[in-house]
Amino acid sequence: MPKTILPDTAENTAWRRRPWCCFGALFLLLLLFLLLNLLAGSSRMPAQEVFAALFGPASDSTAFRIIRNIRLPRLLAAAILGGGLSVSGYLLQSFFGNPIAGPFVLGISSGAKLFVALVMIFSLGHNLALSSAMMVTAAFCGAMLSMGLVLLASRRLRSMALLVVCGVMIGYVCSAVTEIVVTFADDSNIVNLHNWSMGSFSGIDMQDVKVLSLTVFTVLLLSVLLSKPMTAYQLGETYARSMGVNIRRFRMALILLSSVLAACVTAFAGPISFVGIAVPHLMRSFFRTAKPILMIPACFLGGAVFCLFCDLIARTLFAPTELSISTVTAVFGAPVVIWMLLTRKRGTER
């Protein structure tokens, strides 16, 4: 079949250039918020001192410790985990074919939270070293358990609305069990668990950044490799089968990749709400396309920008008091979801 070539009109040229303009805008925003997160904080430092600590030799100065050991790992974690959580939401939305699906709404983050809490209490109670690999593995097991329950429910519930309600109930059950576990934990463990369970990028060091970077970027690469079958899947299972896509393996791959991303975020930063739902919708509206080859990197960049912005607000708005990251993401993400539901319903009624 010959390839259709669009006439080189001004409108078509602008349409082809739009994705690159959008990516350029996201990169500029990413650089801006990386810089702001590096410069802003409860400890005020001039920009010259900040850059000297960032690019200069190692020293015992206060500025060096704050920049290298606190701010830099935190902003890198916020960018990478925020991008990973957004891509996880996009993969789940592609799997269920509904923009309201997300790791937080379907209870996947709550399941990961429960298992990480159990491992943290057991390890701290027995004076065992808690490694990043242990936390990611525990979070993945919890995420897969919650995802398995959602998939079992999806076989009997044809309505996506009922499936979302079921996912929310699974999340509530996991959160309730987590609270019970925390209640009976030792006093020395409760502070660590409480701060982590509220969602925060604080306390992450460069070793953690290396582990989460390897995990997130590996899954991101695998997700990009799935973009072609994902495009066929968006046009319907029948069309995807006709294009040679193994539906069962493809859907399993989506489940595994989205669960690993959600688990990695929960293991290091705790449960973070609304990023996995709001950001993919914003990126679809911004890019005006649903092509996975564009949406996967767009969601990653959009999630990174969104979480850097929210973490900046959480750290500086009431400094030195710090808000949980989920509180800020809910403030900015919930209106996006409400707007999405209203416009979706209005479009359906037409």
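Every read-out reported here was derived from the displayed coordinates using simple, explicitly stated rules and does not represent laboratory data. Owing to the predicted nature of the structure, the values given are computational and were not obtained by experimental measurement. With ideal geometry, Cβ positions are generated from the backbone for all residues, glycine too; neighbour counts draw on all protein chains shown.
Each other residue within a Cβ distance under 13 Å of ALA40 adds +1 if Lys or Arg and -1 if Asp or Glu, for a net charge of +2. If you run the Gaussian network model on the chain, springs between alpha carbon atoms under 10 Å, then out of LEU282, LEU220, LEU28 the most flexible one is LEU28. Pair-distance distribution P(r) for segment 195-265, from all Cα-Cα distances in 10 Å bins starting at 0: 17, 38, 24, 15, 6 percent. Label-to-label distance, PHE55 versus ILE70, with points set 7 angstrom from Cα along the beta-carbon direction: 2.4 nm.
Shape index of segment 191-350: Rg/Rh, with Rg the Cα radius of gyration and Rh the Kirkwood radius from the inverse mean 1/r over Cα pairs, equals 1.01.
In segment 248-317, the ratio of gyration radius to Kirkwood radius, Rg to Rh, stands at 1.02 when only Cα atoms are counted. When the chain is treated as a GNM with alpha-carbon contacts under 10 Å, the residue of ILE70, ILE338, ILE170 showing the greatest mean-square fluctuation is ILE338. On a per residue basis, the convex hull of the C-alpha atoms belonging to segment 70-349 measures out at 127 Å³. At full extension, CYS21 and GLU237 could sit 74.5 nm farther apart than now, given 0.36 nm per residue minus the alpha carbon distance.
In the chain, the DSSP-assigned H stretches of four residues or longer account for a calculated mean residue ellipticity at 222 nm of -26000 deg cm²/dmol, using -39500 (n - 2.57) per stretch and the full residue count as denominator. For segment 241-350, the set of chymotrypsin sites (Phe, Trp or Tyr not before Pro) satisfying both a DSSP loop assignment and a count of at most 14 other C-beta atoms within 10 Å is given as PHE318.
Each peptide in 100-113, 225-238, 125-138 gets a packing score, the mean of other Cβ atoms within 10 Å over its residues, and the list from highest to lowest is 100-113, 225-238, 125-138. Applying 0.36 nm per residue to the separation of THR343 and ILE293 and subtracting their alpha-carbon distance, the gain on full extension is 15.5 nm. Lysine pairs in the chain 8 or more apart or on different chains: how many have alpha carbons under 25 angstrom apart? Lysine pairs meeting the criterion: 5.
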